[in-house]
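The values are calculated or read from the model by the stated rules, or taken from the named source; none is laboratory data. Just so we're clear, the structure is a prediction, and the values are computed from it rather than from any experiment. Here Cβ is always computed from backbone atoms with ideal geometry, including for glycine, and neighbour counts include all displayed protein chains. Accessible surface areas use protein heavy atoms only, side chains included; no ligands, DNA or RNA. Shrake-Rupley method; radii C 1.70, N 1.55, O 1.52, S 1.80 Å.
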Amino acid sequence: MREQGPELEIVHLLRATTVELGLHSARFANRNGMHPTDVRALIALMDASRADEELTAGRLGAALGLNSAGTTALVDRLERAGLVRRVRGARDRRQVVVQVEERAVELGWSFFGPLIGRAAELLRECDERERAAIRRFLSGVRDAAAEQEQGPAAERE
């Protein structure tokens, strides 16, 4: 067995955290009759809204790794559930964008709110230098994971 230094201890803790967050998200999906991809789509749409970005169905599908048919089925399903709507883009009226409905935001906060609150509470216990280190680490891991995913595809082209 390989020696485990403090760095790997933190990496394994991050892995365990992502597993727990995935299970938490799966419980939310299950309780609300959703597929895990539905939850990922809602998160992507809420993130886009927070960043003041508009997502077309095509951009949403690309972000989730879905083909056109899968994306259409996903958006149709979420629209029937009253969680998203298709609207004309504010920046380009020719585009149809997908927007998250307030009902979806409220549903998410009712389930994830306590966890988000606890995470924010833990971060308030850190000073700005510690928060900067956490931000840098998490951003770096996220970027490394995205690069890892993009690497083999880029090599095939």
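Are any residues in the stretch 55-69 in contact (Cβ under 8 Å) with a residue 24 or more places away in the chain and in contact with a helix residue (DSSP H, G or I) (Cβ under 7 Å, 6 or more places away or on another chain), and if so, which ones? Within the stretch 55-69, Leu55, Ala57, Leu60, Leu64, Leu66 meet the criteria.
Consider Arg94 carefully, then state whether it is of a type in the set (Lys, Arg) and either open to solvent by less than 40 Å² (accessible area, probe 1.4 Å) or not in a loop (DSSP other than H, G, I, E, B) (or both). Before the answer, list the steps.
Values: of a type in the set (Lys, Arg): yes; either open to solvent by less than 40 Å² (accessible area, probe 1.4 Å) or not in a loop (DSSP other than H, G, I, E, B) (or both): no.
So Arg94 fails the test.
The single condition from (1) more than 21 Å from Leu138 (Cβ to Cβ); (2) assigned to a helix (DSSP H, G or I); (3) of a type in the set (A, V, I, L, M) that Leu13 fails is (1). So in the stretch 97-110, with the set limited to residues that are part of a helix (DSSP H, G or I) and in contact (Cβ under 8 Å) with a residue 40 or more places away in the chain, which one is surrounded by the fewest Cβ atoms within 10 Å (Cβ to Cβ)? This residue is Val105.
Among the residues of the stretch 1-39, those identified as under 15 Å from the mean Cα position of the chain (by Cα), open to solvent by 70 Å² or more (accessible area, probe 1.4 Å) and modelled with pLDDT of 95 or more are Thr18, Val19, Glu20, Leu21, Leu23.
Is the stretch 103-123 home to any residue that is among the basic types (Lys, Arg) and within 30 Å of Thr56 (Cβ to Cβ)? Talk me through it step by step, then tell me what you get.
Filtering the stretch 103-123 for residues among the basic types (Lys, Arg) gives 103, 118.
When the remaining residues are screened for being within 30 Å of Thr56 (Cβ to Cβ), the result is 103.
The answer is yes; a qualifying residue exists.
Taking every residue in the stretch 129-148 that is free of Cβ contacts under 8 Å to residues at least 12 places away in the same chain and pairing it with any residue that is surrounded by 10 or more Cβ atoms within 10 Å (Cβ to Cβ) and not in a helix (DSSP H, G or I), at least 6 positions away or on another chain, the pairs with Cβ-Cβ distances below 8 Å are Ile134/Cys126.
Val97 fulfils the conditions (1) in contact with an Asp or Glu (Cβ under 8 Å, 6 or more places away or on another chain); (2) over 15 Å from Asp38 (Cβ atoms); (3) among the β-branched types (Val, Ile, Thr); (4) at pLDDT 95 or above except for a single criterion, (4).
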